[in-house]
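Quick notes on the structure that follows.
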Amino acid sequence: MNAPKIGEMRLRMSLEAPVDMADDSGTMTRSYVALGAIWVKLTPLSAEARFVEDRQEMAIQWIAQARWRGDVTSEMRLVDGARELRIASAYDPDGRRRFLLCHCEEIA
């Protein structure tokens, strides 16, 4: 992947990290807290229909390109309104800490 040109990172998404908390009965519940907003360029990779628990869902694979951040992990997600992209992996494509590539999955 090439570095995005100026103006291609035009989608503003919220970067969210998971927070696990125990409720009164001791059951762990996961919620997400926003770490901040980042500008990204989304590029679709593939889409597939699959059956999960007797229902069909659509899984869309994306590449999200953003400015470098060293704190992004595969536990996080990118959110834009009702759209949620689970980050599967995040890496620096050229080792120069200029850009970050995130392989993401959206379940529709």
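The values are calculated or read from the model by the stated rules, or taken from the named source; none is laboratory data. From a predicted model like this one, the values you see are computed outputs, not experimental measurements. Positions of Cβ are generated from backbone atoms using ideal geometry, with glycine treated the same way; all protein chains shown enter the neighbour counts. For accessibility, only protein heavy atoms count, side chains too; no ligands or nucleic acids. Shrake-Rupley method; radii C 1.70, N 1.55, O 1.52, S 1.80 Å.
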Total residues in the stretch 1-22, condition surrounded by 11 or more Cβ atoms within 10 Å (Cβ to Cβ), over 16 Å from Trp39 (Cβ atoms) and modelled with pLDDT of 95 or more: 2
What number of residues in the stretch 36-54 are open to solvent by 80 Å² or more (accessible area, probe 1.4 Å) and either assigned to a strand (DSSP E or B) or among the small types (Gly, Ala, Ser) (or both)? 5
